[in-house]
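In what follows, a structure is listed as structure tokens, so that the remarks can point back to it.
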Amino acid sequence: MTVTAPEQETRQATPCAFVIFGVAGDLARRKLLPSLYELWVEGRLHEETAIVGVARRDYDDAKFRQEVAAALEEFHVPGCTQTAEWRSFQRTLHFAGFDLEDTDGYRRLYQRLSELSDDTRVERQAVFYLSVPPEVFPDVVDHLDEAGLTRRHATKDGTWPRIVVEKPFGRDLVSSRSLNDRLLASFDEECIYRIDHYLGKETVQNLLVFRFGNTIFESIWHRGSVDHVQITVAETLGVENRGRTYEQMGALRDILQNHIMQLIATVAMEPPSAFDGRHVRNERIKVIEALRPITEAEVAGDFVRAQYIENVVDGEPVKGYRQEENVAPNSATETFVAGKFHVDTWRWSGVPFYIRTGKRLASRVTEVSIHFNEPPMQLFRGLDDTPPRNVLAMRIQPDEGISLSIDAKRPGVTMALDSVQMDFSYAESFGGGSLADAYEALLLDVIHGDPMLFARSDMHDAAWVALTPVLDAWQDPTLGMLDYYPAGTWGPRAADELMKRDGRAWRAL
Ligand code: BG6
């Protein structure tokens with residue numbers, strides 16, 4: 001997170017060569033290139049920045065620039081390539097066409113980076129962004145090594161070159177550790193940026209400010225006041241054109257191991273003693289390391305895995321997961337997971353953290369809600385339809401904001417209670433306009449060398465350790481029985497029963 005005083009807001013980054021492997025892919029076209037363009041427009045990139053796209057295409061720079069223009073027109077702001085900003089931005093764009101297996105290609109890349117600027121810093125100060133399938137990460141690093149583009153070419157202070165690794169970071173503890181070892185053999189830890197775009201979301205960053213920039217919440221942020229916490233990451237979309245990749249992952253690996261773990265960590269962490277990458281990440285990691293080990297028996301009761309089946313949603317037929325492109329007709333991959341965790345720390349002892357995530361659910365919403373205890377004495381018993389309980393809901397997306405449910409007296413001569421909301425809405429408080437894309441903040445942080453919003457290796461390790469019992473138990477068909485839910489609903493009944501058994505219910509969203 002780049003912390004700036006208002007007058008420094010447009011301070012420029014250092015010059016660098018930003019190399020995107022997989023530049024023809026969806027992520028680069030939808031997110032990376034538009035974010036870099038926006039940073040350029042805002043004057044946050046150095047004039048000597050060179051953006052180098054790598055893909056197995058026979059393009060020259062001119063053709064690549066046309067392709068980037070098309071991506072910006074489609075995924076950023078239509079008409080944006082008719083501007084002076086685009087004309088200057090396009091000069092930063094270069095293309096290096098080669099197959100990721102082609103050793104010579106990396107040598108040519110080395111050569112290209114050297115030629116790109118008279119300022120040798122650009123050559124050395126390279127960011128390698130791996131927007132490619134995870135199975136080729138190790139090979140790309142091998143080839144970067146062979147071509148002399150990694151440690152052997154590092155700056156004296158050891159902060160360059162940098163590598164950005166997209167998720168998924170491994171598919172279990174063993175593969176995550178082996179990927180880590182491979183990266184660490186060529187890059188120092190502080191040069192490895194394991195991206196989790198949730199951490200770059202404005203509203204997730206605001207969780208830190210909300211908790212540690214205010215005094216009033218700290219005194220109630222613990223087991224004495226909190227009954228339980230709920231985290232929902234719900235999507236209405238299905239797997240779209242990602243069937244092949246999704247088949248290898250499922251909801252646990254796609255969302256729970258990374259995005260939800262980061263949300264749990266941010267909500268439950270202790271106040272860091274300084275606002276920097278080391279201290280903030282230390283505190284986050286401690287939370288995940290404190291997750292109570294789950295036993296096999298608990299997996300059967302406390303975790304639900306399910307898959308969407310066809311349905312009619314808003315009058316339109318919607319396919320089931322197994323009918324999606326590149327999905328096996330008998331696939332057992334889960335598109336929904338719900339579960340219960342305990343953070344075994346002094347602060348959170350006895351407070352369950354319930355999580356749920358799924359594709360093709362009833363609405364698109366990501367929210368963290370803190371459910372406070374009931375009052376110790378029910379003074380207004382019978383005057384309220386529901387037992388009074390304050391809920392602080394932090395809406396990550398959409399309608400970004402925070403709301404607090406409180407009980408209030410309904411106006412009238414008789415005593416009756418109603419639950420009302422105190423709301424903070426980003427749109428209302430900070431004016432219209434959309435929030436910056438998470439990738440914008442994260443790419444700038446990579447260039448500034450700020451790792452706070454990136455996962456350190458021990459974070460992935462701790463997350464996989466916590467989830468290994470679940471993955472292991474799911475190997476057994478009786479413990480990992482796949483449930484089903486019609487597309488466009490809130491998931492299987494078993495997810496509601498999980499809450500009901502504890503005398504609780506999911507928040508209606
Ligand atoms: C990605 C997952 O990390 O996050 C996708 O791989 C998911 O499956 C996406 O759709 C959700 O991101 P967002 O920002 O739309 O909540």
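The values are calculated or read from the model by the stated rules, or taken from the named source; none is laboratory data. Please read these numbers as outputs of a predicted model, since none were measured by experiment. Glycine also receives a Cβ, built like all others from the backbone with ideal geometry; neighbour counts cover every protein chain displayed. Heads up: the accessible areas ignore ligands, DNA and RNA and are worked out on the full protein's heavy atoms, side chains in. Shrake-Rupley method; radii C 1.70, N 1.55, O 1.52, S 1.80 Å.
Summary table below
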quantity	calculated
Any hit, the range 277-287, residues being in contact with a Phe, Trp or Tyr (Cβ under 6 Å, 6 or more places away or on another chain) and at pLDDT 95 or above	no
Evaluation of L183 against (1) away from the ligand (no atom under 16 Å from the Cβ); (2) open to solvent by 10 Å² or more (accessible area, probe 1.4 Å); (3) not polar (S, T, N, Q) (one fails), failing number	(2)
Restricting the range 360-373 to residues that are open to solvent by less than 10 Å² (accessible area, probe 1.4 Å) and within 16 Å of the ligand (Cβ to nearest atom), the residue that is farthest from N311 (Cα to Cα)	V368
Residue list for the range 240-252, filter: open to solvent by 40 Å² or more (accessible area, probe 1.4 Å) and either without any contact (Cβ under 8 Å) to a residue 60 or more places away in the chain or within 12 Å of the ligand (Cβ to nearest atom) (or both)	E240, N241, R242, T245, Q248
Qualifying positions in the range 186-207 - open to solvent by 10 Å² or more (accessible area, probe 1.4 Å), in a loop (DSSP other than H, G, I, E, B) and away from the ligand (no atom under 16 Å from the Cβ)	D188
Residues within the range 281-298 that are in a helix (DSSP H, G or I) and buried (at least 21 other Cβ atoms within 10 Å of the Cβ), tallied	5
Index of the failed condition, P352 passing every other in (1) within 16 Å of the ligand (Cβ to nearest atom); (2) under 25 Å from R284 (Cβ atoms)	(1)
Test: residue in the range 222-239 that is in a helix (DSSP H, G or I) and either touching a strand residue (DSSP E or B) at 6+ places or on another chain (Cβ under 7 Å) or within 16 Å of the ligand (Cβ to nearest atom) (or both)	no
So A505, is it in contact (Cβ under 8 Å) with a residue 24 or more places away in the chain and among the hydrophobic types (A, V, I, L, M, F, W, C)	no
Yes/no for L256 being in the same structural domain as D302 (by TED's automatic domain parsing), more than 12 Å from the ligand (Cβ to nearest atom) and within 17 Å of the chain's Cα centre (by Cα)	no
